[in-house]
Amino acid sequence: MNSSPELIVVPSGREHGGAEEALLQYVSFRTSHGVRPYVVVLESGSLGQALAARDAIVTTINAGRLREIPRLIRTIQKIVAIARDEHSKIILSWMTKAHIYGGIAGAIAGIPAVYYQMGLPDSGTIDRICRALPAAGALACSEFVAREQQKKVRYPVLSAPLAADITRFESARQLCVPKLKQDFGFDPDRPLIGIVGRLQRWKGMHVFAEAMAKVIEAKPACQGVIVGGPHDLEPEYADWLKQRVEALGLAKKVILAGAQRNIPEWMQAMDIFVHASDREPFGIVVVEAMSLGKPVIATKPGGPEEIIQDKENGLLVSANSPAALADAVLGYLSHPDLAGRLGSAARQRALTFTPDGFAKRVSQVLESFSR
């Protein structure tokens, strides 16, 4: 097996979610094609073990905090040494924080450095430092993010849209929906509308709740569920959301189920799936719901516009509009033939977002940047 021309730098050692899953997909693709990626992980944790299990070469450097300047310098020196020893042709920083290390290391080593922009650019310190550092280019998780990032930098930003590993959703797709509803404490004979995601304001859980108030007013038999736990950045939002649900008169009508491990089963239990984020960078959960053949409603502008063709394999509504979201839900409920047709088309669309397709695109972009 050959060593890879790219040296990958990862800021976190923990398996948080989509970004780390995407990296594991990419590494798996590379090793399956006879190339062994070299990954520098800047923090101890399970991610390094997961990468090693996929046959990556993994070095862990406990970089500490960015403000610890001596450690920052030592970490960059170690990355430069590894890049030179491995004869790396390009440094790929997986997320913007890693580029603070990888971008400087690339400049010192005299090799191109690029980074993966997982979220929308912001005015935070890390993003601003990242944009100020040398880069041959950047990858983005969607065309939407690529356009937004390109407004802020002079080097090229190319999209490498994320994928969903739907393997664990395939078995859930065979499960009986009414039985799952009953197992989770819902009425098996009533429509269940649901949303899945971290409890953060930008994820729009309160917008979903406000829309459900309108839906239940029109069709009292409906029931709703919010699946997701509090986020470290907004721990107070979970309590606020609970209070908002109660203030809307939705207690026992819209359930806050908290964080759940068996997400495929929860999503399979839903008759309609909603994604209500404000400016979603991509929307892996949208692809996952579509893979189950669910009629999906997602918001625009954002990454979901690149996943869903409106009225062909799902519905798109404006973000932060409970009325528009409620109308879309009611449209599905009033026209089950439409819901069935779009759900079937959604399944076929989801199957095009494969991990191999994502990894091939990343490889192509890296090759173009390393020339």
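The values are calculated or read from the model by the stated rules, or taken from the named source; none is laboratory data. In this text, all values refer to a predicted model and were calculated from it rather than measured experimentally. Positions of Cβ are backbone-derived with ideal geometry, glycine not excepted, and every protein chain shown enters the neighbour counts.
Could you check, for the range 67-81, whether at least one of its residues is more than 21 Å from Ile129 (Cβ to Cβ) and not charged (D, E, K, R)? Give the steps one after another, and end with the answer.
Keep residues of the range 67-81 that are more than 21 Å from Ile129 (Cβ to Cβ), which gives 81.
Add one more test, that the residue is not charged (D, E, K, R), and what stays is 81.
Yes, there is a match, as at least one residue in the range 67-81 is more than 21 Å from Ile129 (Cβ to Cβ) and not charged (D, E, K, R).
So is Pro230 farther than 25 Å from Asp189 by Cα, in contact (Cβ under 8 Å) with a residue 12 or more places away in the chain and surrounded by fewer than 19 Cβ atoms within 10 Å (Cβ to Cβ) or not? Here the answer is yes, as Pro230 does meet what is asked.
Every residue in the range 260-302 that is touching a residue at least 40 places away in the same chain (Cβ under 8 Å), among the polar types (S, T, N, Q) and within 16 Å of Lys203 (Cβ to Cβ), please. Answer for the range 260-302, where residues must be touching a residue at least 40 places away in the same chain (Cβ under 8 Å), among the polar types (S, T, N, Q) and within 16 Å of Lys203 (Cβ to Cβ): Ser277, Thr299.
Considering the range 230-253, and only residues there that are of a type in the set (A, V, I, L, M) and in contact with a Leu (Cβ under 8 Å, 6 or more places away or on another chain), the residue that is farthest from Lys214 (Cα to Cα) turns out to be Ala238. Going by the conditions given, is Trp240 modelled with pLDDT of 95 or more, farther than 28 Å from Leu175 by Cβ, assigned by TED's automatic domain parsing to the domain that holds Gly302 and not in a loop (DSSP other than H, G, I, E, B)? Yes; evaluated as a whole, the condition is true for this residue. A search for C-beta distances below 7 Å between a residue of the range 201-224 that is without any contact (Cβ under 8 Å) to a residue 40 or more places away in the chain and any residue that is among the small types (Gly, Ala, Ser) and buried (at least 23 other Cβ atoms within 10 Å of the Cβ), counting only pairs 6+ apart in sequence or on different chains, returns Gly224/Gly194.
Residues that are surrounded by fewer than 19 Cβ atoms within 10 Å (Cβ to Cβ), touching a residue at least 40 places away in the same chain (Cβ under 8 Å) and within 25 Å of Ser142 (Cα to Cα) occur at least once in the range 20-36. Residues in the range 60-76 that are of a type in the set (S, T, N, Q) and exposed (fewer than 14 other Cβ atoms within 10 Å of the Cβ): Asn62 alone.
Residues considered: Val287, Val296. Of these, the only one that is closer than 28 Å to Thr167 by Cα, in contact with a strand residue (DSSP E or B) (Cβ under 8 Å, 6 or more places away or on another chain) and not small (Gly, Ala, Ser) is Val296.
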